[in-house]
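Participant: This is the structure I want to talk about, given as structure tokens.
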Amino acid sequence: MIAMPHSNAPLPTSGPIDVEIPARELARLLRWPLDQPVTEPTAALIAEVRRWFAEHGQPWRHARLLDIHAIVGSHVALSDGTRLTSPVLAEQLRDAQADQLVVMAATAGQAIDTRTAKLWQQDRPDLAFVLDAYGSAVVEQLLRNTRDALCGWADHRGQVVLRHLSPGYQGWPLADQAQLLRLIDKDPRRADDLPIDALTSGSLSPKKSQLAVVGLTRRTDLVEQVDGAIACTRCTLRDCEFRRLPAQFAEETFASSLTTPRPEAER
């Protein structure tokens, strides 16, 4: 498949950004039952982490648009010569007749890694655990915000944004992490220092970082199929304790317990 030409219009997603973490996402990462209010000690830990991150957090995201030159087997060749190898990515892009993709990068910043390690040394595993979960929630929310912003941007171009995929998902080896990070690093639109490194193991530093790809297609008939889609819908790890669930009432129960004092009789 040869991509149709597109203008490389500026993307609406780059640089530092404020992050508001939904209560349901934080509860999921804390492994807290969504239909149960948090205890006062846990609510105090969450409040402490929120305050600390508001002052010391270093959230960052960036996105780069690239044309797809060809899709052959499990390989996706990009216009700059990069070749990604992922059967699941190639299949998604091919089936949707995508001719462009966006590489996204997000990190909660190095400060969380440093602070978490220090808390363990200070024998504060409770606070370290909440901070670690909060960092994961920040990265997920940054990617979600990026995809949401891309949806509006793409709509004006007559395109649809597909669900995001990342190296490490089933069907995409971690080996491509370095290539995706290189694409972000070489983006001529990026003027700031790159706050993410790719390790030889394929992991990223800081730990709370993630790279992802979303395809762009002109098949607007696919909107109902991909709008709001999450990677969990294609994941085969059935017993994953971090799987998202549609629980609006439970989310409200969890969220209200973080801000509303319980009656004296319930304490």
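Participant: Being closer than 24 Å to ARG157 by Cα and buried (at least 18 other Cβ atoms within 10 Å of the Cβ) is true for just one of LEU84, LEU93. Which residue is that?
Facilitator: None of the other options fit; the residue is LEU93.
Participant: Only one of ARG115, ARG163, ARG157, ARG124 is out of contact with any strand residue (DSSP E or B) (no Cβ under 6 Å at 6 or more places or on another chain) and without any contact (Cβ under 8 Å) to a residue 12 or more places away in the chain. Can you tell me which?
Facilitator: After applying the criteria, what remains is ARG124.
Participant: Considering only residues of the range 172-193 that are aliphatic (A, V, I, L, M) and farther than 18 Å from SER79 by Cα, which is surrounded by the fewest Cβ atoms within 10 Å (Cβ to Cβ)? First the steps, then the outcome.
Facilitator: Keep residues of the range 172-193 that are aliphatic (A, V, I, L, M), which gives 174-175, 178, 180-181, 183-184, 191.
Still in the running and farther than 18 Å from SER79 by Cα: 174-175, 191.
On the way: LEU174: 16, ALA175: 12, ALA191: 8.
Checked the range 172-193; the qualifying residue surrounded by the fewest Cβ atoms within 10 Å (Cβ to Cβ) is ALA191.
Participant: When the residues of the range 1-32 are narrowed to those that are exposed (fewer than 12 other Cβ atoms within 10 Å of the Cβ) and farther than 30 Å from VAL76 by Cβ, which ends up modelled with the lowest pLDDT?
Facilitator: ASP18
Participant: Quick check, is GLY109 out of contact with any helix residue (DSSP H, G or I) (no Cβ under 8 Å at 6 or more places or on another chain), free of Cβ contacts under 8 Å to residues at least 12 places away in the same chain and among the small types (Gly, Ala, Ser)?
Facilitator: No, not satisfied.
Participant: Sort through ARG238, ARG244 and tell me the only one that's part of a loop (DSSP other than H, G, I, E, B), modelled with pLDDT under 55, closer than 17 Å to LEU143 by Cα and among the charged types (D, E, K, R).
Facilitator: ARG244
Participant: Ok, one more. Of all the residues that make up the range 33-58, how many are touching a helix residue (DSSP H, G or I) at 6+ places or on another chain (Cβ under 6 Å), surrounded by 13 or more Cβ atoms within 10 Å (Cβ to Cβ) and of a type outside the set (A, V, I, L, M)?
Facilitator: Counting residues in the range 33-58 that are touching a helix residue (DSSP H, G or I) at 6+ places or on another chain (Cβ under 6 Å), surrounded by 13 or more Cβ atoms within 10 Å (Cβ to Cβ) and of a type outside the set (A, V, I, L, M) gives 2.
Participant: Given LEU211, LEU180, which one is part of a strand (DSSP E or B), closer than 18 Å to LEU89 by Cα, in contact (Cβ under 8 Å) with a residue 12 or more places away in the chain and not polar (S, T, N, Q)? Spell out how you get there, then give the answer.
Facilitator: Working: LEU180 fails: part of a strand (DSSP E or B).
Within the list LEU211, LEU180, the selection yields LEU211.
The values are calculated or read from the model by the stated rules, or taken from the named source; none is laboratory data. It should be emphasised that the depicted structure is a prediction, and the values quoted were computed from it without experimental measurement. For neighbour counting, all protein chains shown are included, and Cβ atoms are generated from backbone atoms with ideal geometry for every residue, glycine included.
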